[in-house]
Amino acid sequence: MFTGQFFFEAPDLNQFCEQAKAVGFDEQRYITAINEVPVFTEEKVKLIMRILRQLAELIGEIGQVNLMLEKQKAEIEKQAIYDALTGLPNRILLQKRAEEEVARAERSQRAFACLFIDLDNFKSVNDNLGHDAGDQLLIEAATRIRNSIREYDLVARFGGDEFVVIAGDINNKEAAGKIAHNINNSLQVPFTIQNKAFHLSSSIGIAFYPNDCSTISELFKLADNAMYTTKQNGKSGFNYCVH
């Protein structure tokens, strides 16, 4: 009956004896139970409540700090693997996803393609309009490339004005060439930068794993070489790697 209760001052046992008789309680057991009820002064109760309130506030603050730390951790992890300007995966995440694609290709015995993309004439934007304009163009170009590939393909910013697409489950040149064609077509639509129309295209190199190579580093290198072949042949197009 008295579990969790307390008195502010020592109880009047005579009063409780009379109460026990009135309601038919076992007087000795009733008084024993009364004696076990703790006695706290009002000041002590206020102190305990103040401590409990402060403890609750501290726990709440710790929770807020933990949430903030988790948010900061997630942001740091995101910054480590995503490009700050375009929001695309960076080279670190590209490497990881490429490794996953290699494992998937080996399990399914299917090839995948790597498209190495370089924006043609990008330097002239920085030279003529400034780096802010160049950043705007990169952001828009990244969006166009992302919208030109299949939903399950990956596009990453490799560095500067270079992008890489990993296109899974592709065993023939025609399928990879179609993706390259879509990318180039999307980039040839004029860009509006600082109220000025700017024309752009891309040079693309294509290599396949495992058809052309046995490692990811070789895959990137071969696709990069094929891209430079496109540059040498007049830009605005794509080439496959040649052994």
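Could you tell me the calculated FRET efficiency between GLU99 and LEU58, based on Cβ-Cβ distance and R0 = 51 angstrom, to the nearest 0.05?
Step by step, r from the Cβ atoms, then E = 0.70.
Taking all protein chains as present, what is the carbon and sulfur share of the accessible area of the range 1-122, in % to the nearest whole number, probe 1.4 Å?
For the range 1-122, the apolar C and S fraction of the accessible surface comes to 55 percent.
Got a sec to turn the phi values of the range 182-188 into Karplus ³J(HN,Hα) couplings, 6.51 cos²θ - 1.76 cosθ + 1.60 with θ = phi - 60°, whole Hz, x for Gly and Pro?
4, 5, 5, 4, 5, 7, 7
Between ARG110 and SER201, what is 0.36 nm times their sequence separation minus the Cα-Cα distance? Round to one decimal in nm.
29.7 nm
Leaving out ligands, DNA and RNA, what percent of the accessible area of the range 124-243 is carbon and sulfur, probe 1.4 Å?
Looking at the range 124-243 in its full context, I get 48 percent from C and S.
Over the chain, what is the relative contact order in whole percent, taking alpha-carbon pairs under 8 Å and six or more residues apart?
17
Add -39500 (n - 2.57) for each DSSP H run of 4 or more in the chain, then divide by its residues: what number comes out at 222 nm, to the nearest 500 deg cm²/dmol?
-19000 deg cm²/dmol
For the chain, with every protein chain kept in place, what is the accessible area per residue (1.4 Å probe, Å²)?
61
How high is the FRET efficiency between ASP169 and ARG91 when r is their beta carbon distance and R₀ equals 25 Å, given to the nearest 0.05?
Between ASP169 and ARG91 the formula returns 0.60.
So which aspartates and glutamates can LYS221 reach, going by Cα to Cα under 18 Å and dropping same-chain residues fewer than 8 places off?
Those aspartates and glutamates meeting the cut-off are GLU99, GLU101, ASP118, ASP161, GLU162, ASP212.
Provide Rg and Dmax in Å for the chain, with only Cα atoms included in the calculation.
35.9, 111
Which GluC sites (Glu not before Pro) in the range 140-223 pass both tests, a DSSP loop state and at most 13 other beta-carbon atoms within 10 Å?
When the GluC sites (Glu not before Pro) of the range 140-223 are filtered for loop state and at most 13 Cβ neighbours within 10 Å, GLU151 remain.
Per Stokes-Einstein, at 4 °C and 1.567 mPa s, what whole-number D in µm² s⁻¹ belongs to the range 116-242, with the Kirkwood radius over Cα pairs as the hydrodynamic radius?
88
Could you give me the ³J(HN,Hα) list for the range 199-208, computed from phi with Karplus coefficients 6.51, -1.76, 1.60 and θ = phi - 60°, whole Hz, x at Gly and Pro?
9, 9, 8, 9, 9, 10, x, 10, 9, 10
The values are calculated or read from the model by the stated rules, or taken from the named source; none is laboratory data. In this text, all values refer to a predicted model and were calculated from it rather than measured experimentally. Using ideal geometry, Cβ is built from the backbone for each residue, glycine included, and neighbour counts are taken over all protein chains shown. Surface accessibility is based on the protein's heavy atoms, side chains included, excluding ligands, DNA and RNA. Shrake-Rupley method; radii C 1.70, N 1.55, O 1.52, S 1.80 Å.
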